[in-house]
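Participant: I have a structure I would like to understand better, so I am pasting it below and will then ask my questions one at a time.
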Amino acid sequence: MTESFAANRLQSTGAYALELDGVARHFGALVALSGITMRIAAGERRAVLGSNGAGKTTLFNAVTGDFLPTAGRIRFFGEDITDLPPHERIRRGLRRTYQISQLFKGLSVLDSIFLACRGVSRRRFSLLRPATTDVNMVQAESILNAVHLEALRDTLVATLSHGQQRQLEIALALAGAPRFILFDEPAAGLSPTERRDLVAILNALPKHIGYIIIEHDLDVALRVSEYVSMMHNGRLFKEGTPQEIEADPEVQEIYLGGKHG
Ligand SMILES: Nc1ncnc2c1ncn2[C@@H]1O[C@H](COP(=O)(O)OP(=O)(O)OP(=O)(O)O)[C@@H](O)[C@H]1O
């Protein structure tokens, strides 16, 4: 682990997308998160890894405002958002995907993306039928291509495969003007081919969009991130580049049962 690299990251005065200082979350006596201090630069892609119950989703909930932290502060592009409701964080460009699908099954793929774009735009209450030149429709078409679903634009969500639904969830997170996205296990349940497609989609996202990806598939996580934070029992216990994490004996033990070459 290069400690100077980690130290420089914490001391740098550059623009951060996300800054967490001493964030904690208790559920009664259970300490789900404790003393989480992280700095994520604008445009940075970070993987958060850890075993079941490590606190990864609770970390996402604290950042999105779905559950307020019990202690600590969170800043988004320099602004303290710790006490803001989720919709105010979305307005500022924060997005997330969920482990469990939140899609409307009765809509087509394009309509789903269009409605997501309209939902985060100022003109969201318009009842007029969208023209193809509608700014939200133009964005929806462009997102459709970004997530490789152009061939399925008119397909009903209910008939999509699991992998295609996960691609659509990424599409919805791209609606509007996202500056930072939290991806919660996007590779879960995907085939090897779909995983490769997911890696390509994430790596081709516009460079200014940073993200955190929670992912149990180490291979996917290390291919789409620039830096990795490992969690255990609600705490950060190890950080490093993907190369450092991949070579770490403790990580190999946890993820690969010590069998990794
Ligand atoms: N709403 C809640 N009420 C009570 N306990 C909770 C709640 N949400 C999470 N927890 C607990 O907090 C701890 C951390 O859970 P969390 O879901 O954040 O872990 P995780 O790292 O995301 O796990 P997984 O990989 O299984 O999704 C667990 O012990 C979990 O049971």
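The values are calculated or read from the model by the stated rules, or taken from the named source; none is laboratory data. Note that the coordinates shown come from a computational prediction; the quantities given were computed from them, not determined experimentally. Using ideal geometry, Cβ is built from the backbone for each residue, glycine included, and neighbour counts are taken over all protein chains shown. The protein model used for the area step is the full one, side chains on, heavy atoms only, and it has no ligands, DNA or RNA in it. Shrake-Rupley method; radii C 1.70, N 1.55, O 1.52, S 1.80 Å.
Participant: On the given criteria, is Gly72 modelled with pLDDT of 95 or more, touching a helix residue (DSSP H, G or I) at 6+ places or on another chain (Cβ under 6 Å) and at positive phi?
Facilitator: Taking the combined requirement at face value, the residue does not satisfy it.
Participant: Among the residues of the stretch 19-38, which ones are open to solvent by 40 Å² or more (accessible area, probe 1.4 Å) and more than 15 Å from the ligand (Cβ to nearest atom)?
Facilitator: Selection gives Asp21, Thr37.
Participant: Open to solvent by 10 Å² or more (accessible area, probe 1.4 Å), within 16 Å of the ligand (Cβ to nearest atom) and under 21 Å from Glu215 (Cα atoms): which single residue out of Thr58, Thr70 fits that description?
Facilitator: Step by step, each of Thr58, Thr70 is checked, and only Thr58 is open to solvent by 10 Å² or more (accessible area, probe 1.4 Å), within 16 Å of the ligand (Cβ to nearest atom) and under 21 Å from Glu215 (Cα atoms).
Participant: Let me ask something else. Among (1) touching a Ser or Thr at 6+ places or on another chain (Cβ under 9 Å); (2) modelled with pLDDT of 95 or more, there is one condition Ala175 misses while meeting the rest; what is its number?
Facilitator: Checking Ala175 against (1) touching a Ser or Thr at 6+ places or on another chain (Cβ under 9 Å); (2) modelled with pLDDT of 95 or more, the one that fails is (2).
Participant: Right, another one. For the stretch 12-36, enumerate the residues that are farther than 21 Å from Val251 by Cα and not small (Gly, Ala, Ser).
Facilitator: Scanning the stretch 12-36 gives Thr13, Tyr16, Leu18, Glu19, Leu20, Asp21, Val23, Arg25, His26, Phe27, Leu30, Val31.
Participant: Determine, yes or no, whether Glu79 is under 19 Å from Ala175 (Cα atoms), free of Cβ contacts under 8 Å to residues at least 60 places away in the same chain and more than 15 Å from the ligand (Cβ to nearest atom).
Facilitator: No: the conditions fail for Glu79.
Participant: Scanning for something closer than 30 Å to Ala175 by Cα and in the same structural domain as Ser34 (by TED's automatic domain parsing), does the stretch 239-248 turn up at least one residue?
Facilitator: Yes, the stretch 239-248 contains at least one residue that is closer than 30 Å to Ala175 by Cα and in the same structural domain as Ser34 (by TED's automatic domain parsing).
Participant: OK, next. Name every residue in the stretch 73-126 that is exposed (fewer than 13 other Cβ atoms within 10 Å of the Cβ), polar (S, T, N, Q) and over 29 Å from Leu198 (Cα atoms), in order of residue number.
Facilitator: Listed by number, the list holds a single entry, Ser126.
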